[in-house]
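Below: the structure, in structure tokens.
The values are calculated or read from the model by the stated rules, or taken from the named source; none is laboratory data. Predicted, not measured: the structure shown is a model, and the values here were computed from it. Backbone-built Cβ (ideal geometry, glycine too); neighbour counts: all protein chains shown. Calculation scope for accessible area: heavy atoms of the full protein, side chains included, ligands and nucleic acids excluded. Shrake-Rupley method; radii C 1.70, N 1.55, O 1.52, S 1.80 Å.
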Amino acid sequence: MGTPDFAVPTLGAILGAGHDVVAVYTRGARPAGRGLAERRSPVEAAAERFTIPVLTPKTLRDEEAAAAFRAHQADVAVVVAYGLILPKPILEAPELGCLNLHASLLPRWRGAAPIQRAIMAGDQETGISIMRMEEGLDTGAVGLVERLPIGKEANAGELHDRLARLGADAMVRALAALSRNSLVFTPQPAEGVTYAAKIGNDEARLDWRLPASRLHDLVRGLTPYPGAFFEADLGKGRERIKVLRSAVAEGKGEPGMLVDELAAIACGSRALRLLMVQRAGRSPVSGEDFLRGARLKPGARLG
């Protein structure tokens, strides 16, 4: 049971380990792209390559969905970023329960956006947790944990890919232990609980009054999507500029002021150097090339 790219390595890994995947549950195709053509989920595309039956129910809360789920007679359900709530009849159907792969060190960063939130908070370490699901939001007992350091320059896209591979391997080992009845589940501690809420549009705007280190973490946490941004007047009204890569630099000035020709912007403390940016509808360029193209000089104010 999974939907996005993050879940695909786990599907491949459990198939490669010889498990019999009797069905794949995923979110249904949705309009995407400029033409709004229906696009299948990455998990559905992968399942069809392996000729596995695919189900895309809009809900699992009715008896019809529960009966269809029980009919698979699965020993265990593997859940990775599925996107639908699993009600109690679904959770109780597999004899060995439902195992969920979550991209954080639970109980830190329960919820929808654990990878982004860990980077945005400046965490130096993250990982994956495999838990036995219950009705609460990511509250189940944990059977396996793998830790992963967060590099100082790592962004959410890079960390996403590393955690997806790490989680796929961990799930295979968890299923092997579960089959031997040797996977020990430990309740999550009450201390250290944090929630990784979905990223709001208002969070992506760079507030130059904050320390440069905070803004650098924001850029990393929101790359590649949705992207941290600022606004600048480039002669045809204010334009949104997405920051794809940045670095903390030395520099002083009023927050939002361009302090040198190397694309350093003054912040609440120190400065944020723009290493790679992107204007709407254009290809990414270096911060210096952006300044030259936009004819911005030191002393210019960015919003």
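Counting only the Cα atoms, the stretch 194-303 fills a convex hull of 97 Å³ per residue. The eigenvalues of the Cα gyration tensor, multiplied by 5 and square-rooted, give the stretch 251-303 an equivalent ellipsoid with semi-axes of 19, 11, 9 Å from largest to smallest.
Using the basic label-point model (7 angstrom from Cα toward the beta carbon), what is the residue 203 to residue 141 distance in nanometres? Those two pseudo-labels are separated by 3.2 nm. Here's the picture: a label point sits 7 Å out from the Cα of residue 152 along the beta-carbon direction, and within the stretch 200-231 the residues with their amide nitrogen under 18 Å of it are 211-221. For the pair residue 225 and residue 96, label points projected 7 Å from Cα toward Cβ lie 3.2 nm apart.
For the chain, the share of accessible area belonging to carbon and sulfur comes to 50 percent (1.4 Å probe, ligands and nucleic acids excluded).
Under a model in which nothing but the beta-carbon of Lys, Arg (+1) and Asp, Glu (-1) is charged, the stretch 1-118 shows a dipole of about 640 debye around its Cα centre.
Taking only the Cα atoms of the stretch 172-253, how large is their convex hull per residue, in Å³? Given the Cα convex hull of the stretch 172-253, per-residue volume reads 190 Å³. The alpha-carbon positions of the stretch 42-118 define a convex hull whose volume is 117 Å³ per residue. Remark: the chain carries 52 Å² of accessible area per residue (probe radius 1.4 Å; ligands, DNA and RNA excluded). Between the residues 210, 253, 264, the greatest Cα displacement towards the positive end of the dipole of the stretch 172-303, with unit charges on the Cβ of Lys, Arg, Asp and Glu, is found for 264.
Among the GluC sites (Glu not before Pro) within the stretch 164-254, those in coil by DSSP and having at most 14 neighbouring Cβ atoms inside 10 Å are 191, 250. Using all pairs of distinct alpha-carbon atoms, the Kirkwood hydrodynamic radius of the stretch 73-173 works out to 14.0 angstrom. Checking the a/c ratio against 1.5 first, then a/b against b/c, what shape does the Cα gyration tensor give for the stretch 213-271? Since a/c reaches 1.5 but b/c is at least a/b, the shape of the stretch 213-271 is classed as oblate. Phi angles of the stretch 223-230 translate, via the Karplus equation with coefficients 6.51, -1.76, 1.60 and θ = phi - 60°, into HN-Hα couplings of 9, x, 9, x, x, 6, 8, 9 Hz per residue; Gly and Pro are given as x. Look at where the Cα atoms of the stretch 49-77 and of the stretch 238-303 average out, and the two centres are 50 Å apart. Overall, the chain carries a charge dipole of about 1060 debye about its Cα centre when +1 sits on the Cβ of Lys and Arg and -1 on the Cβ of Asp and Glu, all other atoms neutral. Comparing 40, 49, 61 in a Gaussian network model of the chain (Cα springs below 10 Å), the most mobile by mean-square fluctuation is 49.
Between the listed residues 235, 280, 194, the Cα displaced farthest toward the positive end of the dipole of the chain, a dipole computed from Cβ unit charges relative to the Cα centre, is found at 235.
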